[in-house]
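Student: The structure's right below; bear with me while I get my questions together.
The values are calculated or read from the model by the stated rules, or taken from the named source; none is laboratory data. It should be emphasised that the depicted structure is a prediction, and the values quoted were computed from it without experimental measurement. Every residue, glycine among them, receives a Cβ derived from its backbone with ideal geometry; neighbour counts consider all protein chains shown. Ligands, DNA and RNA are stripped out before the accessible areas are found, and what is left, the full protein with its side chains, is counted by its heavy atoms. Shrake-Rupley method; radii C 1.70, N 1.55, O 1.52, S 1.80 Å.
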Amino acid sequence: MAEPEINIRTVNVTRYVTPLREGGSLPAIVEADDDFLYVMKFRGAGQGAKALIAELISGEIARALGLRVPEIVFSNLHEAFSRMEPDEEIQDLLRESVGLNLALHFLSGAITFDALVTTINATLASRIVWLDCLITNVDRTPRNTNMLMWHRDLWLIDHGASLYFHHSWDHWEQQAKRPFTAVKDHVLLPFASELDEVDAHFRAILTPERIQSIVALVPDEWLMDESTTMSPQERRQVYAQFLETRVAASELFVKEAQNARKTLI
């Protein structure tokens, strides 16, 4: 069976609404030419395009696995925005981010997930823990859950800190086969009692073809910098091979998560 085609829309930013100063990368709420509001992640922020790549790949993997993620779009930023911004820090950020960026649909009225307030069932908790072990997402802790409750459903946001192997590209093959030790701090780990069942289900979904189709979404211009001599296509292949290797060796991170969970319950 052919994998379903993934389409990422492209919007043009028409209004910079307000910065979101909770994050170190200074994302912002913007309005686009489709009249929707988005949380925009800027290419000119601290981690550069790599945070956008991690957000795109991880978010679309989560969506493929049936988890709720706000719609991800490419967002074009015109150079005029930096000239209109009075705040110098934001002005510099906008100037460095002219061109193609990333944005997620703004979930108006959503509230931050709190495990003490909202109970999550074991299946959903296990699915999210498995996802974060796969993508090496260190940013789903009780202090910073990066999950929202919106219309009584749980939504996943902010995956820019995942796939951290790409900050050095060193020994990525070995990193792909390592357990995810940071899972011990995962906010949903105490509830993730169905990891074996989720593992079998998710391994069947994340075929090499599906992973390749998600990685193919990354624009060439985000894959070009001076940190390596690889071409954009060669880098895409590294992302795909990293993820395919982790899926194939998922018993390593599942066992790590199960052992970490035993120390908590």
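Student: Report the residue count in the stretch 57-69 for those that are within 13 Å of Ile157 (Cβ to Cβ) and either out of contact with any Ser or Thr (no Cβ under 6 Å at 6 or more places or on another chain) or assigned to a loop (DSSP other than H, G, I, E, B) (or both).
Tutor: Count: 6.
Student: For the stretch 4-21, enumerate the residues that are open to solvent by 30 Å² or more (accessible area, probe 1.4 Å), of a type outside the set (Lys, Arg) and closer than 15 Å to Ile90 by Cβ.
Tutor: Correct list: Tyr16, Val17, Thr18, Pro19, Leu20.
Student: Sticking with this structure for a sec: Output the residues belonging to the stretch 123-149 that are surrounded by fewer than 16 Cβ atoms within 10 Å (Cβ to Cβ) and either among the basic types (Lys, Arg) or over 19 Å from Phe180 (Cβ atoms) (or both).
Tutor: Within the stretch 123-149, Thr123, Arg143 qualify.
Student: Anything in the stretch 254-265 that is part of a helix (DSSP H, G or I) and either of a type outside the set (D, E, K, R) or open to solvent by less than 60 Å² (accessible area, probe 1.4 Å) (or both)? List them, or say none.
Tutor: Result: Val254, Glu256, Ala257, Gln258, Asn259, Ala260, Arg261.
Student: Within the set of pairs 6 or more residues apart or between chains, which connect a residue that is under 12 Å from Phe42 (Cα atoms) inside the stretch 82-100 to a residue that is open to solvent by less than 60 Å² (accessible area, probe 1.4 Å) and basic (Lys, Arg) with Cβ atoms less than 8 Å apart?
Tutor: If the second residue must be open to solvent by less than 60 Å² (accessible area, probe 1.4 Å) and basic (Lys, Arg), the pairs left are Glu96/Arg43; Ser97/Arg43; Gly99/Arg43; Leu100/Arg43.
Student: Determine which single condition Val39 fails, assuming it passes every other condition in (1) over 30 Å from Gln258 (Cα atoms); (2) more than 14 Å from the chain's Cα centre (by Cα).
Tutor: (2)
Student: For the stretch 61-116: of the residues being in contact with a helix residue (DSSP H, G or I) (Cβ under 9 Å, 6 or more places away or on another chain) and on the phi > 0 side of the Ramachandran plot, which is least open to solvent (accessible area, probe 1.4 Å)?
Tutor: Selected residue: Gly99.
Student: Within the stretch 47-91, track down each residue that is among the small types (Gly, Ala, Ser) and farther than 27 Å from Ile135 by Cα.
Tutor: The answer is Ala80, Ser82.
Student: Additional query: Would it be correct to say that Leu37 is touching a Pro at 6+ places or on another chain (Cβ under 8 Å), closer than 29 Å to Arg127 by Cβ and open to solvent by 30 Å² or more (accessible area, probe 1.4 Å)?
Tutor: Here the answer is no, as Leu37 does not meet what is asked.
Student: Go through the stretch 165-185 and give me each residue that's in contact (Cβ under 8 Å) with a residue 60 or more places away in the chain and open to solvent by 10 Å² or more (accessible area, probe 1.4 Å).
Tutor: His167, Trp169, Trp172, Glu173, Gln175, Lys177, Arg178, Pro179, Thr181, Lys184
Student: Same structure again: So, Arg236, is that one closer than 19 Å to Val129 by Cβ and either assigned to a loop (DSSP other than H, G, I, E, B) or modelled with pLDDT of 95 or more (or both) or not?
Tutor: Taking the combined requirement at face value, the residue does not satisfy it.
Student: Next question. When you go through Arg178, Arg127, Arg152, Arg143 one by one, which is the residue that is within 17 Å of Glu60 (Cα to Cα) and of a type in the set (Lys, Arg)? First the steps, then the outcome.
Tutor: Values: Arg178 fails: within 17 Å of Glu60 (Cα to Cα); Arg152 fails: within 17 Å of Glu60 (Cα to Cα); Arg143 fails: within 17 Å of Glu60 (Cα to Cα).
Result: Arg127 is the single residue among Arg178, Arg127, Arg152, Arg143 that is within 17 Å of Glu60 (Cα to Cα) and of a type in the set (Lys, Arg).
Student: Among the candidates Glu209, Glu197, Glu251, Glu244, single out the residue that is buried (at least 17 other Cβ atoms within 10 Å of the Cβ), at pLDDT 95 or above and not in a loop (DSSP other than H, G, I, E, B).
Tutor: Numbers: Glu209 fails: buried (at least 17 other Cβ atoms within 10 Å of the Cβ); Glu197 fails: buried (at least 17 other Cβ atoms within 10 Å of the Cβ); Glu251 fails: buried (at least 17 other Cβ atoms within 10 Å of the Cβ).
Just one listed residue meets the conditions, Glu244.
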